[in-house]
Each structure stands twice: as C-alpha cells, then as structure tokens.
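Bear in mind that the values in this text are calculations on the coordinates, not laboratory data. Keep in mind the model is a prediction, meaning the values are calculated, not measured. Because the Cβ atoms are built from the backbone with ideal geometry, glycine has one as well, and the counts that use them run over all protein chains shown.
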Amino acid sequence: MYVIEDVYVIRDVRNIKHSVQRTTLVMEPNNDRPGYTNLRFIAGRNGHSYFIPSESFESTRKGLYLSVIEFVSNINKKIPNYMLSSHGPCLSDKDQCVDFAFCLRCKYLPYNARPWASRYRLQWPLNSAIDKITKCRCLLTPIGPRTLPDCNVLWRLSFSLAE
C-alpha cells in the first residue's frame, strides 16, 4: 500500500484547528454500508493535491466528493513510465504480477467504529489487537460496494496497518 501523504482526511470539520496547508477531506460514513465512507472536499491550499487534481471530484448537491475511479486513473496518469493498468482498486504491472494499492490515511478512528472498539467482549479480538487498531487509525482504499449505484464515491475503511 502506498499512502498519499499530502492529503488530510478528518472525521469532523471541527478537527481543523489552523489554516489549511493541504488538501483536506472529511469522512461522511455511509450508514447503510458499514465499513465505507464518502470523502467530501473541504479545503485545499493552491488548489488540490498533486495526486488528486480537481477533476478527481464529483459534484453533488452536498458538495465535491472524491471519486474512486478518478483517483486511481489520475495516479496512473502521474506515473506513465510504469505502464500500469487498473485492476479493481489497484494498479497492476503489465504481467499482472504486482498490484500497487494507493490509499489515503485518516489519523482518527471513524466515529462509527468507536462503539466497536469500546464494547465488552469475551475472547476475540484480543484487547491488544483493538488497542493497535485504535492507535494506527485507518486507511481509505478506493473501492466501494459494487451493488450500489453511487459506489464511485464510497471508500472502504481498512485497518490493515494494525495487522
């Protein structure tokens, strides 16, 4: 996984404490699809991130949302020498031996994951695993559930940093 570092992903606009220095997106969890979130554009210095130009966003009544398809496509355009092709949320080499997954990082545990982290359990997962997940936070991978018409703007939450 390759994390795009010049983008902030926050869970609440109240998490912005000072002037915005990077492209900033706010998570809007999808209550119908746990484990997925929309990423709405909040602010950005000098336009957008190098890997996330303005054409990566879809305009809706509620604002600009980062498109998973455009995100992957724009990254592919930025690294043409590798001759990669789209393969789900990844970019694959020409022999399809290697997948490159580009993602975003959120430094906050999503609100809808907080009850899971604090509920009482008898065995699995171990408290040490839960602690690691809450410390590592989460990654957002560019793939939504294929069964929804608006899956192009839904991002999957991943806790693979804790694995």
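List of remarks:
- Fraction of beta bridges assigned by DSSP in the stretch 1-104 that are antiparallel (%, nearest 5): 75
- With Cα atoms, 0 to 90° folded angle of helix 127-136 axis to the chain main axis: 40
- Folded to 0 to 90 degrees: helix 68-78 orientation relative to the chain principal axis, Cα: 50
- Here the stretch 2-162 yields Rg over Rh of 0.98, to two decimals, using C-alpha coordinates and the Kirkwood radius.
- Of the residues Arg11, Arg33, Arg114, Arg119, the one with the fewest other Cβ atoms within 10 Å heads the list, and the complete ranking is Arg119, Arg114, Arg33, Arg11.
- Loop chymotrypsin sites (Phe, Trp or Tyr not before Pro), the stretch 41-115, which have at most 13 other Cβ atoms in a 10 Å radius of their Cβ (DSSP): Tyr50
- Three-way shape label, the stretch 50-126, alpha-carbon gyration tensor, a/c 1.5: oblate
- Along the axis of the charge dipole computed for the chain (Cβ charges of +1 for Lys and Arg, -1 for Asp and Glu, origin at the Cα centre), the listed residues Cys97, Leu84, Ser118 are led at the positive end by Ser118.
- Taking the stretch 2-100 and dividing mean pair separation by its residue count, relative contact order in percent (alpha carbons under 8 Å, at least six apart): 17
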